[in-house]
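The values are calculated or read from the model by the stated rules, or taken from the named source; none is laboratory data. Just so it is clear, the model here is predicted, and its values are computed rather than measured. Cβ coordinates were reconstructed from backbone atoms using ideal geometry, including for glycine residues, and neighbour counts include every protein chain displayed. Surface areas here come from the heavy atoms of the whole protein model, side chains and all, with no ligands, DNA or RNA. Shrake-Rupley method; radii C 1.70, N 1.55, O 1.52, S 1.80 Å.
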Amino acid sequence: LALLVLATAATYLWRGLGTAIAAKIDPESDLFQWVACVAYALLAGLISRIIVFPVGILEGTHTIDRVGATLFGFLLFFVTKRNIAVGTLSAAAALMLVVWMRAQGML
């Protein structure tokens, strides 16, 4: 019980401090813009790594299928006015469809 109370207190302490500090952060500041750029760069790097050097079950898919599904997802992302859900789900669906079609001998 003591560990639960201690863990809860520590969690809410940091959340409270974050809330207090967040009001003072200028989202247009140079530091905040730099942090956003680094976050986007890391995300782009992870996506590129998954496409070019897949691990696990993705190793069994063709590179052209992964690239094509990603491009399809990006296209729908921009067509739907930057809707992340549509872009992500359409890319996943496209990859699943192409992999299924290859397994059936349709491609």
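Looking at the range 47-55, can you tell me whether even one residue there is exposed (fewer than 10 other Cβ atoms within 10 Å of the Cβ), within 30 Å of residue 96 (Cβ to Cβ) and of a type in the set (D, E, K, R)? There is no residue in the range 47-55 that is exposed (fewer than 10 other Cβ atoms within 10 Å of the Cβ), within 30 Å of residue 96 (Cβ to Cβ) and of a type in the set (D, E, K, R). Residue 82 meets the stated requirement of being charged (D, E, K, R), out of contact with any Phe, Trp or Tyr (no Cβ under 8 Å at 6 or more places or on another chain), more than 23 Å from residue 107 (Cα to Cα) and not in a helix (DSSP H, G or I). Taking the conditions (1) in a helix (DSSP H, G or I); (2) modelled with pLDDT of 95 or more in turn, residue 16 satisfies each one other than (2). Going through (1) open to solvent by less than 70 Å² (accessible area, probe 1.4 Å); (2) out of contact with any Gly (no Cβ under 6 Å at 6 or more places or on another chain); (3) in a helix (DSSP H, G or I) one by one, residue 71 falls short only on (1). Scanning the range 24-46 for residues that are open to solvent by less than 90 Å² (accessible area, probe 1.4 Å) and either part of a loop (DSSP other than H, G, I, E, B) or of a type in the set (S, T, N, Q) (or both) turns up 25, 26, 27, 29, 33.
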